[in-house]
Amino acid sequence: MTEENSQSTPWWEQLRHEMPVTENWVYFDHAAVAPLPEVARKTIVAWAEEATNCGDPVWPQWRAGLESLRGGLTKLIGADEDEVALIRNTTEGISLVAEGFPWQPGDNVVTLDDEFPSNQFPWMNLARLGVETRRVSPENGRVNLDTVAAACDDRTRIVTISWVGYASGWRNDVDALCELAHSRGALLFLDAIQGLGVFPLDVKQTPVDFLAADGHKWMLGPEGAGVFYIRRELLDRLTPLGVGWNSVVSSGDYTRVELELKPSAQRYEGGSYNMVGLLGLGASVDLLARYGPEKISQRVLEITDRFCERIEQLGAVVHSDRSEQRSSGIVAFETPGHSHVKLRQHCMDQGIVLSVRAGRLRAALHAYNNEDDIERFAEAVYTGSFDPITLGHLNVIERASKLVDRLIVGVAVHGGKKTMFTIDERVELVRRTTEHIPTVEVQKFSGLAVRFVRKSGARVMVRGVRPLTDIAAEFTMMLANRHLDPNIETVFLASDEEFSHVSSSLIKQIAPLASDQELATFIPSQVIDELRKKLAREEDE
């Protein structure tokens, strides 16, 4: 499906149809390893069939596919084809420059100390040659170019910085980076893995000197297939590494052993290619080329802004800079009071994929993500008096928490109704018994439950029911709530059969006569101690 033949469908929804992952997951992890589009899967499967059933006779067709990919990547960055090499990953591209540059003792490289390790270790490894790696510290992921400039001097040979910070999502102004490096007599290496495929770049207008990116993130390709760019006039400045049969002008003529390097970046393609990975990447690059980076970047920023708005409504704290010039598809955020590791695992259990990086949750949305994905970060509210909380209540809470990304447990005040535990005691008991569930939040409320749900910003009210005994009254209440607010849906969850007879009223009746061991089959252990204290005080009175 293309934009031309489907005027009624937004182009990003057309792209979504190309992403089978949407049938199984809400995928917010494109800054890690992206899922493949269907066209890439088909290309990879077709290659496997051909490799199995044909082998070498179809190799020239595969090789032609690589040249098609080279052409697509060339257009993507505005380069010439002789400036582009097909490589395995970003680390390889960085190492081609780090190990091939004509260093002298006393030279230095300037980078950031929060760069991905692959843009630090290859440079740090040059210490054996007397080359210093100067690592500038951003402030909370925000890069101050004045600080970077201050780290440069007349022995700075290369400034190497990521287009987009992998942990913070900070998007650097590449034109400003070029100007900074060149004004100091240095060259700019751009780690483009977190920006290429989303944001526009023309290396003729923005004079990057070197660039590398793997295709398995925003370009939606498989791992082990990437791109290296070197400005043509710098080609002979580097000592070529990984020289092999495919590096020379006579590649393919194995009897002509003459070391005449190709006058292009292809000299770095020394041996056999990751054929299947590069062909898969080619299919993905062609898919994205239907829409272009201008459209894609605008959509990515729009949907990511919407994501930020939604999670802030849920109480999250967004740490990424969301200003127009600095924002990207990467969002670093925190959920105060919750373990990020546990919350990420909870999201995974709910079919939502994101990461934890640098001590924060990280979401990375692509153009095909939509509002439905964001709303899977949904809320639900489960209300009751919990006087006291029982294993039946806890069973419903645990199961409801697996259906939503944030569950508010509302503990009702109940005005003039006499309760065994005060409202604050009940809230505390619910908190203690649900502290193992990172997405549960406990709040007290008075008045109508439907009003509390609406005020909380939720759209779903969860009600626990016991077979037969509760359903009639709960169904009547559901109809009344729907009348009061048609936008709020009620979801009934029956407790497991072993708890179907358990109620707070029953507990209060049997507690004075039952042993602790017997009570443990009805209520959480934390409640037993408090219940005994409460009963003892009542006896004293």
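Miscellaneous remarks
- Single condition Arg463 does not satisfy, out of (1) of a type outside the set (Phe, Trp, Tyr); (2) modelled with pLDDT of 85 or more; (3) not in a strand (DSSP E or B): (3)
- Filtering the stretch 179-209 to residues that are part of a helix (DSSP H, G or I) and of a type in the set (S, T, N, Q) leaves only Ser183.
- Residues (assigned to a helix (DSSP H, G or I), closer than 19 Å to Leu314 by Cα and in contact with a helix residue (DSSP H, G or I) (Cβ under 7 Å, 6 or more places away or on another chain)) located in the stretch 401-452: Val450
- Boolean, Pro512 is at pLDDT 85 or above, under 40 Å from the mean Cα position of the chain (by Cα) and assigned to a loop (DSSP other than H, G, I, E, B): no
- Under the condition of being within 20 Å of Glu530 (Cβ to Cβ) and surrounded by fewer than 22 Cβ atoms within 10 Å (Cβ to Cβ), the residues counted in the stretch 402-420 number 7.
- Across the stretch 345-358, the qualifying residues are those that are part of a loop (DSSP other than H, G, I, E, B) and open to solvent by less than 50 Å² (accessible area, probe 1.4 Å), and the one among them that is farthest from Ser401 (Cα to Cα) is Leu354.
- Hits in the stretch 73-90 (condition: surrounded by fewer than 20 Cβ atoms within 10 Å (Cβ to Cβ) and at negative phi): Thr74, Lys75, Asp80, Glu81, Asp82, Arg88
- No other residue among Glu498, Glu474, Glu530 is open to solvent by 80 Å² or more (accessible area, probe 1.4 Å), among the charged types (D, E, K, R) and part of a helix (DSSP H, G or I) apart from Glu498.
- Some residue of the stretch 227-237 being touching a Gly at 6+ places or on another chain (Cβ under 8 Å), in contact (Cβ under 8 Å) with a residue 60 or more places away in the chain, open to solvent by 10 Å² or more (accessible area, probe 1.4 Å) and farther than 24 Å from Ile44 by Cβ: no
- The residues of the stretch 115-133 that are open to solvent by less than 60 Å² (accessible area, probe 1.4 Å) and of a type outside the set (Gly, Ala, Ser), listed by number, are Glu115, Pro117, Asn119, Gln120, Pro122, Trp123, Leu126, Val131, Thr133.
- Across the stretch 181-209, the number of residues qualifying as crowded, with 24+ Cβ neighbours inside 10 Å, touching a Gly at 6+ places or on another chain (Cβ under 7 Å) and either among the charged types (D, E, K, R) or farther than 21 Å from Val33 by Cα (or both) comes to 0.
- If you check Val97, Val45 for being open to solvent by less than 40 Å² (accessible area, probe 1.4 Å), hydrophobic (A, V, I, L, M, F, W, C) and assigned to a helix (DSSP H, G or I), only one passes: Val97.
- Every condition in (1) of a type outside the set (A, V, I, L, M, F, W, C); (2) in contact with a Pro (Cβ under 8 Å, 6 or more places away or on another chain); (3) in contact (Cβ under 8 Å) with a residue 24 or more places away in the chain; (4) over 24 Å from Arg267 (Cβ atoms) holds for Lys217 except the one numbered (2).
- You will find that of Ala176, Ala212, the residue that is among the small types (Gly, Ala, Ser), open to solvent by less than 40 Å² (accessible area, probe 1.4 Å) and in a helix (DSSP H, G or I) is Ala176 and no other.
Yes or no, residue by residue, for (1) at pLDDT 95 or above; (2) touching a Ser or Thr at 6+ places or on another chain (Cβ under 6 Å); (3) over 19 Å from Leu301 (Cβ atoms):
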{"residue": "Thr147", "(1), (2), (3)": "yes, no, yes"}
{"residue": "Cys152", "(1), (2), (3)": "yes, no, yes"}
{"residue": "Arg155", "(1), (2), (3)": "yes, no, yes"}
{"residue": "Thr160", "(1), (2), (3)": "yes, yes, yes"}
{"residue": "Gly165", "(1), (2), (3)": "yes, no, no"}
{"residue": "Trp170", "(1), (2), (3)": "yes, no, no"}
{"residue": "Val174", "(1), (2), (3)": "yes, yes, no"}
{"residue": "His182", "(1), (2), (3)": "yes, no, yes"}
{"residue": "Ala186", "(1), (2), (3)": "yes, yes, yes"}
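- Members of the stretch 239-288 that are open to solvent by 70 Å² or more (accessible area, probe 1.4 Å) and within 25 Å of Ala46 (Cβ to Cβ): Ser272, Asp286
- Cβ pairs under 6 Å, 6+ apart, first in the stretch 431-446 and over 17 Å from Gln350 (Cβ atoms), second in a helix (DSSP H, G or I) and open to solvent by 50 Å² or more (accessible area, probe 1.4 Å): Arg432/Gln526; Thr433/Gln526; Val442/Arg431
- If you go through the stretch 298-344 and pick out every residue that is in a helix (DSSP H, G or I), among the β-branched types (Val, Ile, Thr) and open to solvent by less than 30 Å² (accessible area, probe 1.4 Å), you end up with 4.
- Failed criterion for Thr490 (all others in (1) open to solvent by less than 80 Å² (accessible area, probe 1.4 Å); (2) hydroxyl-bearing (Ser, Thr, Tyr); (3) not in a strand (DSSP E or B) hold): (3)
- Against the numbered list (1) touching a Ser or Thr at 6+ places or on another chain (Cβ under 9 Å); (2) not in a helix (DSSP H, G or I); (3) not hydroxyl-bearing (Ser, Thr, Tyr), Gln104 comes up short only at (1).
- Single residue of the stretch 117-134 satisfying the filter (touching a strand residue (DSSP E or B) at 6+ places or on another chain (Cβ under 7 Å) and outside any helix (DSSP H, G or I)) that is farthest from Ile161 (Cα to Cα): Val131
The values are calculated or read from the model by the stated rules, or taken from the named source; none is laboratory data. Bear in mind that the values here come from a model prediction, so they are computed numbers and not experimental data. Neighbour counts are summed over all protein chains in view; Cβ atoms, including those assigned to glycine, are modelled from backbone coordinates with ideal geometry. Quick note on the areas: whole protein, heavy atoms, side chains included, nothing else; ligands and nucleic acids left out. Shrake-Rupley method; radii C 1.70, N 1.55, O 1.52, S 1.80 Å.
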